[in-house]
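The values are calculated or read from the model by the stated rules, or taken from the named source; none is laboratory data. Nothing here was measured: the structure is a model prediction, and the numbers come from that model. So basically every Cβ, Gly included, is an ideal-geometry build from the backbone, and we count neighbours across all protein chains shown. For the accessible areas, the whole protein counts, side chains as well, though only heavy atoms, and no ligand, DNA or RNA atoms are used. Shrake-Rupley method; radii C 1.70, N 1.55, O 1.52, S 1.80 Å.
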Amino acid sequence: MGFLRSYRLRLQRKRWRIRAWRKSRQLTAVNDRTREIRPDDIIVFSTFRNENVRLPYFLDYYRKMGVGHFIMVDNDSDDGGREYLAGQGDVSLWTTTGSYKRARFGVDWLNWLQWQHGHKHWCLVVDPDELLVYPFCDTRPLRALTDWLDASSIKSFGAMLLDMYPKGRIDEAPYERGQDPIDLACWFDAGNYAISKNTKFGNLWIQGGPRARKFFPTEPDRAPALNKIPLVKWDRQYAYVSSTHMLLPRGLNLVYDEWGGEKASGVLLHTKFLDTFTVKAREELERKQHYANSHEYRAYAAGLVENPDLWCKWSEKYINWRQLEILGLMSKGNWA
């Protein structure tokens, strides 16, 4: 990469950090418990709206994984989620009525909070409907992975977003608060993925899966991106550019091996497609707070008129991380 492009990317990174500082004025602390964060804590950062039904399992899942603290941003929820989180001793909570869209879909708010509280910590940025799976997660805590990454001088860890769905109509099996969503949405597409490289930022760009085949069958290039870099050993000089799809500095995006080998990677089990999704899609379509004038949610609304069954004859039932490794959706690399 030439000097001029490198210089422009440094300027862009500085711009995102300044923008995050400006947008921080939209945040109001509900409970700031960040003084309780220990130097070696792994921290989850997340922004949400009206996800009260998912929050108990979300917290429990990552607590069992070894997360030490949660830093959450509530975007004007009215379903009791804010009140629930305010009572959780390991959660620091901010709220805002600001525009999710104008905060770059929450990236500005989280960039600021990571600048303030994530420095020198392993930070995991996930939504309440995203469950991280990584090699040996059934026997090793997340700390084992981050210790290995530290020992290997690796500062970022990639994970493909894997859309999970039930067999049958989305609304047939109601989701109960506190339930493991994989009990219901336990199927996924084992193939049907396209991968390319973003030449500007160096990250991979992955599209496909059930959303591409069901909601964007004639425009697969407009399907949502599935590439994520959710786990990073944070530094105040870093900034997410677009969701967790890519970061600056550019080198953090190289979570894959360019020379024919394999780097360790994970999967984010994406449990969006539960019975709550139809109402959520309509709400988000009305709010118009999502990317590209909410074209993704317009496609969902159109496709959900008949409440489609996302299952097909090529669907695979989820078993464990080893199954995902065999299918080539994640890799343990040289972590043994």
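Remarks
- Most mobile listed residue (Glu172, Glu316, Glu325) in the chain, GNM with C-alpha springs under 10 Å: Glu172
- Rounded to the nearest 20 debye, the dipole size of the chain about its Cα centre is 1840 debye, using +1 on the Cβ of Lys and Arg and -1 on the Cβ of Asp and Glu.
- Cα coordinate range in the range 47-125, projected on the principal axes (Å, largest first): 34, 32, 16
- The range 18-61 shape via C-alpha gyration tensor axes, a/c threshold 1.5: oblate
- Share, in percent, of DSSP beta bridges within the range 42-196 that are antiparallel, nearest 5: 5
- Shape call, the range 235-280: gyration tensor on alpha carbons, a/c limit 1.5: oblate
- Building the convex hull from the alpha-carbon atoms of the range 82-176 and averaging its projection over directions returns 9.5 nm².
- Distance in nm between pseudo-label sites at Trp205 and Tyr193 (7 Å out along the Cβ direction from Cα): 1.7
- By average C-beta atoms within 10 angstrom, highest first, the peptides 243-253, 93-103, 108-118: 108-118, 243-253, 93-103
- Ranking Gly66, Ile37, Val53 by how far each Cα lies toward the positive end of the dipole of the chain (charges on Cβ) leaves Ile37 at the top.
- A Förster radius of 22 Å, combined with the Cβ-Cβ distance separating Glu83 from Gln179, puts the computed FRET efficiency at roughly 0.60.
- Computed accessible area, Arg5, all protein chains, 1.4 angstrom probe, square angstrom: 120
- Of Thr146, Thr47, Thr28, the one that fluctuates the most in a GNM where the chain has Cα springs shorter than 10 Å: Thr28
- When the helices of the chain are scored as -39500 (n - 2.57) per DSSP H run of n ≥ 4 and the total is divided over every residue, the value at 222 nm lands at -8500 deg cm²/dmol.
- About its Cα centre, the dipole of the range 41-134 is roughly 300 debye, where the only charges are +1 on Lys and Arg Cβ and -1 on Asp and Glu Cβ.
- Summary of the geometry: the range 42-80 and the range 204-263, compared by the centres of their Cα atoms, lie 22 Å apart.
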